[in-house]
Amino acid sequence: MALIPDGFAQRCAADGEFTLAARYWNGTLALESDGDRAELVLIEGVPVAARTEPARRAGPGHVGIVGAAEIWDRLLAPTPDPYRNDIMPAQAFGLRVEGDQETLWQYYPAIRRVIDLLRITRAERPGHHDPIAAKAPERTPGRPTPRFDSPVGRYVHLDLDGHDHRVYFEEAGTGLPLLLQHTAGSHGVQWRHLFEDPWVTGHFRLIAYDLPFHGKSLPPEGRAWWAETYRLTTEFAMSVPVALAGALGLDRPAFMGCSIGGSLALDLARWHPERFRAVIALEPSLKVDTDVAQLAGFSHPRVTSEFKAQVMYGLMAPQSPEPHKRETVFAYSQGWPPLFLGDLHYYLVDHDLREEGARIDTAKVAVHLLTGEYDYSATVVHGAAAHETIAGSTFAVMPGLGHFPMCEDPERFLTHLHPVLEAVLAL
């Protein structure tokens, strides 16, 4: 089957998501497999043709994706394998992205949608059957939506790094306090589904906070933050839950965080074991090695927040419910432009427990690690390495989940979280 089938330009033109993402694009998106090359031609964002084009175009407006047929077959499967579900991680397995880098950043949401539409087109072939998709679990009907959700929000003033910070947090439930840390560039809304689980709120006092500069936590008034390069550091990240626990009078609460929050859970276990009885690290790592310079598109004056938000889509499992995935992406599009890249300074540069991880004493603070199989940022390999390093820790891989388990598929996530929370209660 041709990579760009007959009638595909018309299909893209009729797709609302594609046309919104491709607005004003003048150029081409070329796809190549084993020497066969075709391109989608766009004028002012409108796909006007899909044609065979052996020549490679260069310059602004032109992007190419090249890979062997086997790579394309796995990328376009109805339910792709982990790390083959998106063009970003698939580059580690031989897929190649060519052309103008800035155009890729600007129109990545449209390019990602083209891959979706190609996947849908292939799945429509007569007699096509995908064994992985056939095994997808059935969804049980959800509980009726209440008039009011459970959490109640308020603000607390914390002295952090010598400045007064007005920090927003939401809480619900009774029992053991459990602080909840969101991922890089987002905010506490990621935990909203956990707040509605009766068993969880019947045993835990959930407290989800927005880091300073995130969500509803504003920058401090006492410094010219707008004239500074924002970078989240290990020390500052640790100071927030420590100060919040002190301000709320919490006696050795538990802590759970995801992504940078998973990194933070391990840093807290290493440097503040006396303040927390247990940490739950979602998508953890001792160290993630990535060239930060390659992420310049996450904070570029000619690239909107759509780019970094849509990259998050590919970090989630393809079988996660679409509304939850879209909500996760939506939250990422809301942040202050420098925020995400600044948070990644902590995640990719400052956080490094390769030498210190073995010094975490699980007799003082319990350590539980959970990793989604589709997470290509903090991978299963990263989680396993942390588990092997931290004696006495627990570790589980979560099948069918990606980098944002608590918000991309909360029902599936809770099946893995409940046993861990029971272990925390038993301490």
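Quick notes on this structure:
- Test result for L179, surrounded by 24 or more Cβ atoms within 10 Å (Cβ to Cβ) and either of a type in the set (V, I, T) or in contact (Cβ under 8 Å) with a residue 12 or more places away in the chain (or both): yes
- Between R74, R57, the distinction of being outside the structural domain of V381 (by TED's automatic domain parsing), surrounded by fewer than 20 Cβ atoms within 10 Å (Cβ to Cβ) and either in contact with a strand residue (DSSP E or B) (Cβ under 8 Å, 6 or more places away or on another chain) or under 23 Å from D6 (Cβ atoms) (or both) belongs to R57 only.
- Search result, residues across segment 270-304 that are assigned to a loop (DSSP other than H, G, I, E, B) and either of a type in the set (A, V, I, L, M) or not assigned by TED's automatic domain parsing to the domain that holds D343 (or both): L286, V288, V303
- Restricting A243, A208 to residues that are touching a residue at least 24 places away in the same chain (Cβ under 8 Å), out of contact with any Lys or Arg (no Cβ under 7 Å at 6 or more places or on another chain) and in a helix (DSSP H, G or I) narrows the list to A243.
Table: residues versus (1) aliphatic (A, V, I, L, M); (2) in contact with a Gly (Cβ under 6 Å, 6 or more places away or on another chain); (3) over 22 Å from E327 (Cα atoms); (4) in the same structural domain as Y313 (by TED's automatic domain parsing).
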site: L158; (1), (2), (3), (4): yes, no, yes, yes
site: R166; (1), (2), (3), (4): no, no, yes, yes
site: E171; (1), (2), (3), (4): no, no, no, yes
site: P177; (1), (2), (3), (4): no, no, yes, yes
site: H187; (1), (2), (3), (4): no, yes, no, yes
site: H193; (1), (2), (3), (4): no, no, no, yes
site: R205; (1), (2), (3), (4): no, yes, yes, yes
site: H214; (1), (2), (3), (4): no, no, no, yes
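- Entirely in segment 335-427, the helices (runs of 4 or more DSSP H) that have 2 or more residues that are under 14 Å from the mean Cα position of the chain (by Cα): 339-344, 405-408
- Answer from V48, V63 - the residue that is outside the structural domain of V380 (by TED's automatic domain parsing), part of a strand (DSSP E or B) and modelled with pLDDT under 95: V48
- So G35, is it farther than 17 Å from T121 by Cβ, touching a helix residue (DSSP H, G or I) at 6+ places or on another chain (Cβ under 7 Å) and of a type in the set (G, A, S): no
The values are calculated or read from the model by the stated rules, or taken from the named source; none is laboratory data. What you see is a predicted model, and the numbers here were worked out from it, not measured in a lab. Ideal geometry is used to build each Cβ from the backbone, glycine not excepted, and the neighbour counts take in all protein chains shown.
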